[in-house]
Amino acid sequence: MKLGVMCSGNGTNFENIVRTCYQDEVVLMIHNIKDCGARKRACKLGIPCAHIKSKEEQQIVNEFKWANVDLIVLAGWMKILTPYFINSFPNKIINIHPSLLPKYKGLNVIEKALNSGDEFTGCTVHYVNEDLDSGEIICQGKVPIYRDDTVDTLTRRIQLKEYCILPGAIEHVKHKLQVGTN
């Protein structure tokens, strides 16, 4: 399967995809922050990448279509996609989100979980639709919240859980796409 990845930050989930989804090929990574860590990781890993501003969605769509991607993974993409973008790749965009959806959608969700008094939080891989963090859930991973947790310590444990569940979610979607085409 040909994967396209969209990043805004450090790119640890992007690198995890490249290193663990070895039966698939990341053919293009698009980043919207010029010198983000994801760009540096792509260069180190030999993955084609492009810096395209979020508002230039038509160009992003064109690049992914040119690369003939089967699936787009939002791995730390910090902008909301428009209906035009989503409809350009129906049921072929997934996102990793650092909470157990449907709880804590949007931004600052780790702080919200930490301040909530909840005993656990986690992460969710879901299909992207037009409603923020509301698409069909593919899988989730639970992470305990400890009394002495800080945003940084909880963030790190959630990231480790993301690294575990994202490759399996990609494999699940690949199987679903293959079954749907037969």
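The values are calculated or read from the model by the stated rules, or taken from the named source; none is laboratory data. What you see is a predicted model; the values in this text were computed from it and never measured. Every residue, glycine as well, gets a Cβ built from its backbone with ideal geometry; the counts of neighbours run over all protein chains shown. To get the accessible areas, we keep the full protein, side chains included, count just its heavy atoms, and leave off ligands, DNA and RNA. Shrake-Rupley method; radii C 1.70, N 1.55, O 1.52, S 1.80 Å.
State the number of lysine pairs found in region 56-121 whose Cα atoms come within less than 18 Å, restricting to pairs 8 or more positions apart or on distinct chains.
So the count works out to 4.
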Q: For region 1-70 and region 113-149, write down the distance between their C-alpha centroids in whole Å.
A: 24
Q. Which whole-Hz ³J(HN,Hα) couplings does region 71-85 yield from phi under the Karplus relation 6.51 cos²θ - 1.76 cosθ + 1.60, θ = phi - 60°, glycine and proline marked x?
A. 8, 10, 10, 7, 10, x, 7, 9, 9, 7, 7, 7, x, 4, 5
(Q) Strictly greater than 31 Å: what percent of every Cα pair in the chain meets that? (A) 12
**Q.** Normalised alpha carbon radius of gyration of region 20-86 [divisor 2.2 N^0.38 Å]
**A.** 1.09
Q) Which whole-Hz couplings ³J(HN,Hα) result when phi for each residue of region 168-175 is put into the Karplus expression 6.51 cos²θ - 1.76 cosθ + 1.60, θ = phi - 60°, listed in order with x for Gly and Pro? A) x, 5, 4, 4, 4, 5, 4, 4
Q. If the cut-off is 14 Å between C-alpha atoms, which aspartates and glutamates fall inside it for residue 176, apart from same-chain ones fewer than 8 positions away?
A. 70, 136
Q) Given the chain, what percent of its DSSP beta bridges are antiparallel, to the nearest 5? A) 40
(Q) I need the chymotrypsin sites (Phe, Trp or Tyr not before Pro) found in region 76-134, filtered to DSSP loop residues with at most 11 other beta carbons within 10 Å of theirs. (A) none
Q.
At 1.4 Å probe size, with the rest of the protein present, what percent of the exposed accessible area of region 119-168 is carbon and sulfur atoms?
A. 51
Q) For region 52-91, what % of the accessible area comes from carbon and sulfur atoms, probe 1.4 Å? A) 53
Q | Other-chain or far-sequence residues with amide H under 5 Å of residue 76's (modelled H) | A | 96
Q. Ranked highest first by the average count of other Cβ atoms within 10 Å around their residues, in what order do 143-156, 25-38 fall?
A. 25-38, 143-156
Q. With the other protein chains left in place, how much accessible area per residue, in square angstrom, belongs to region 28-182 at a 1.4 angstrom probe?
A. 54
Q | Charge dipole (debye, nearest 20) of the chain; +1 at Cβ of Lys and Arg, -1 at Cβ of Asp and Glu | A | 360
